[in-house]
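Data block below; observations after.
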Amino acid sequence: MSIAPIGILGGTFDPIHYGHLRLAQETLEQCGLAAVRFIPSGTPPHRDAPHASAQQRLEMVRLALQGNPSFILDEREVHRNDPCYTVDTLTALRAELGAQQPLCLLMGGDAFMMLHAWHEWKHLFELTHIVVMQRAACPSTRGRPLGNAINEADAALRSEYHARLAPAPSALRDSPAGAILVADMPALEISATDIRRRCSEERDIRYLLPDAVVNHIQSHHLYMKC
Ligand code: ATP
């Protein structure tokens, strides 16, 4: 079997920025993905409530993805009122897209190092591959390749990592789920936290995120008190 995988990028996107968009584009190209679905979170189970409302975050993702037919906005999580776990979203996607379709959950190295804290995290491997895009200056790996940083990770996560590590992106086309691929992307030192702080200090946020999103933030006075 050789089917182009579909990428899935979840996040609070509070706001979405070029770090997220480059993560998706790099993976699309390196892994030959058919498309990337961006899934803004509703009520994130693991972290404080986002600063912008779910509708605002959704609108910013919509604006950021305009003009790229390979990037698809998936609204399913923001329309739920209860806490929504990634494993639930992937179960629904798997039912819609069929048992054979390879899925790839995309994440940065920082997010992967905390995977063992996710709800039913081992079940994720039955539903999806995981593609970890490591950045040169990722704080959780302190600039070291993930292969080195993983030695200090949670023991169960380390063991899954070693058992599932795929040698090349082509492995992602051969099965629907279960592999971990580590790929490199140029580091873009952009974070939503930093953008929110700049907004609250009334500093310029241009060139960190698409102009349409900058305009939306400014016209709705978002992140003035973060
Ligand atoms: P915050 O600063 O509020 O924590 P964030 O900018 O890290 O937000 P998230 O929505 O938490 O954004 O991240 C979603 C995904 O995007 C995560 O897997 C994260 O690793 C990845 N990511 C975030 N920023 C970057 C970046 N600059 N380059 C590559 N990947 C990134």
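Values quoted throughout were computed directly from the atomic coordinates according to the rules given, and no laboratory measurement underlies them. For clarity, every value in this text was computed on a predicted model and none was experimentally measured. Don't worry about glycine lacking a Cβ; one is built from the backbone with ideal geometry, like all the others, and counts go over all protein chains shown.
Report the residue, chosen from Glu160, Glu96, Glu59, that carries the largest GNM mean-square fluctuation when the chain is represented by alpha-carbon nodes joined by springs under 10 Å.
In the Gaussian network model the winner is Glu96.
Please report the net charge: other residues with Cβ closer than 12 Å to the Cβ of Leu90, K and R +1, D and E -1.
-3
So what are the ³J(HN,Hα) numbers for the stretch 17-29, from phi and the Karplus equation (6.51, -1.76, 1.60; θ = phi - 60°), rounded to whole Hz, Gly and Pro as x?
For the stretch 17-29, the Karplus-derived couplings read 9, 5, x, 5, 5, 6, 3, 5, 5, 4, 5, 3, 6 Hz, x marking Gly and Pro.
Which one, Ile72, Val87, Ala183, projects farthest toward the positive side of the charge dipole computed for the stretch 6-188 from Cβ point charges (K/R +1, D/E -1)?
Most positive-ward Cα: Ala183.
Where nothing but the Cβ of Lys and Arg (+1) and of Asp and Glu (-1) is charged, how large is the charge dipole of the chain around its Cα centre, in debye to the nearest 20? Intermediate values should be presented prior to the final figure.
Working: 21 positive and 25 negative charges, 40 e Å.
I would put it at about 200 debye.
Starting from the coordinates of the alpha-carbon atoms of the chain, obtain the Kirkwood hydrodynamic radius over all distinct pairs and give the value in Å to one decimal. Could the numbers behind the result be given before it?
Details: mean 1/r = 0.0556 Å⁻¹.
Final number for the Kirkwood radius of the chain is 18.0 Å.
If amide hydrogens are placed 1.01 Å from N in the peptide plane, which non-local residues have theirs closer than 5 Å to the one on Leu73?
Close amide H contacts, sequence-distant or interchain: Phe38.
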